[in-house]
Structures are given as C-alpha cells and as structure tokens.
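Below is one structure; the comments refer to it alone.
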Amino acid sequence: MPEFLGSWEFIVLALLVLVLFGAKRLPDSARALGRSMRIFKAETKGLRSDDETPSPTPTRTETVVPVSALPQPVQAQQVHTQPAQAQPVQVQPVQAQPVQAQPVQAAPVQHTPDSRP
C-alpha cells in the first residue's frame, strides 16, 4: 500500500466505493476492469514486440533523367476578354389558386372495459 493510504483510509475508501456503486455492480465493474487491463497488457506487449523486430526497409532506386528529356515550358498567351453584359429579365407574378378544404370523417371510437378515456 502507498504510504499516504493507511489501513483506516483504505477501509473508508472501500466503504465509500461500496455505497456509491452498490454491492450488485461491483463484481461486474471489477470484471470489466480486469478484461480492459488484460487487453491493454496484450496490446502493449504487441507494440513492444513490433519495436524489437526490425521491419525490412525498402531499397530506394533513383532514376536520373537528363534535362534535355524534360518537357519544355509552354509560353502562355494573353487573352483579352470583355466582361459579360447583364441582360434585364422580366418577371411575371404568379397567381395564387385557392385551395378547397375537404371534410375529414373520424373513425368511431370504441371503448372497451379495460381502456380508460
């Protein structure tokens, strides 16, 4: 046990955890914590084994291309364009059509002895 956590402090802490989480949830929580720790341990062991085995480094080959074989840059031509002129648009108003309401018939409600209004 750590030095700052004496036997009385440990007992009080255990009782506090028991009161907060309840006796029914503690075994499930401990089981889940154990599984998580086991998975964490396996993953860290896998990472350590990955670091120990050197991965094969790919060999690098360089190809030298002479400057004369590279494509020559193309001279850009200046293009003068005129901005587009805005054309006026005529908008016609839309006529609203009246909507006729259709009557809705409700289904009759049947009360059974078990149902409450």
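Per-structure values
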| read-out | value |
| --- | --- |
| Hits in the stretch 42-78 - residues which are modelled with pLDDT under 75, among the hydrophobic types (A, V, I, L, M, F, W, C) and outside any loop (DSSP other than H, G, I, E, B) | V67, A69 |
| Among residues of the stretch 7-54, those that are among the aromatic types (F, W, Y) and over 33 Å from the mean Cα position of the chain (by Cα), counted | 2 |
| Pair list, Cβ under 7 Å, 6 or more apart: the stretch 79-93 residue modelled with pLDDT under 70, other residue assigned to a loop (DSSP other than H, G, I, E, B) and of a type in the set (V, I, T) | none |
| Output for the stretch 15-29, where each listed residue is surrounded by 10 or more Cβ atoms within 10 Å (Cβ to Cβ) and on the phi < 0 side of the Ramachandran plot | L15, L16, V17, L18, F21, R25, L26, D28, S29 |
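The values are calculated or read from the model by the stated rules, or taken from the named source; none is laboratory data. Predicted, not measured: the structure shown is a model, and the values here were computed from it. Note that we place each Cβ from the backbone using ideal geometry, even for glycine, and neighbour counts take in every protein chain shown.
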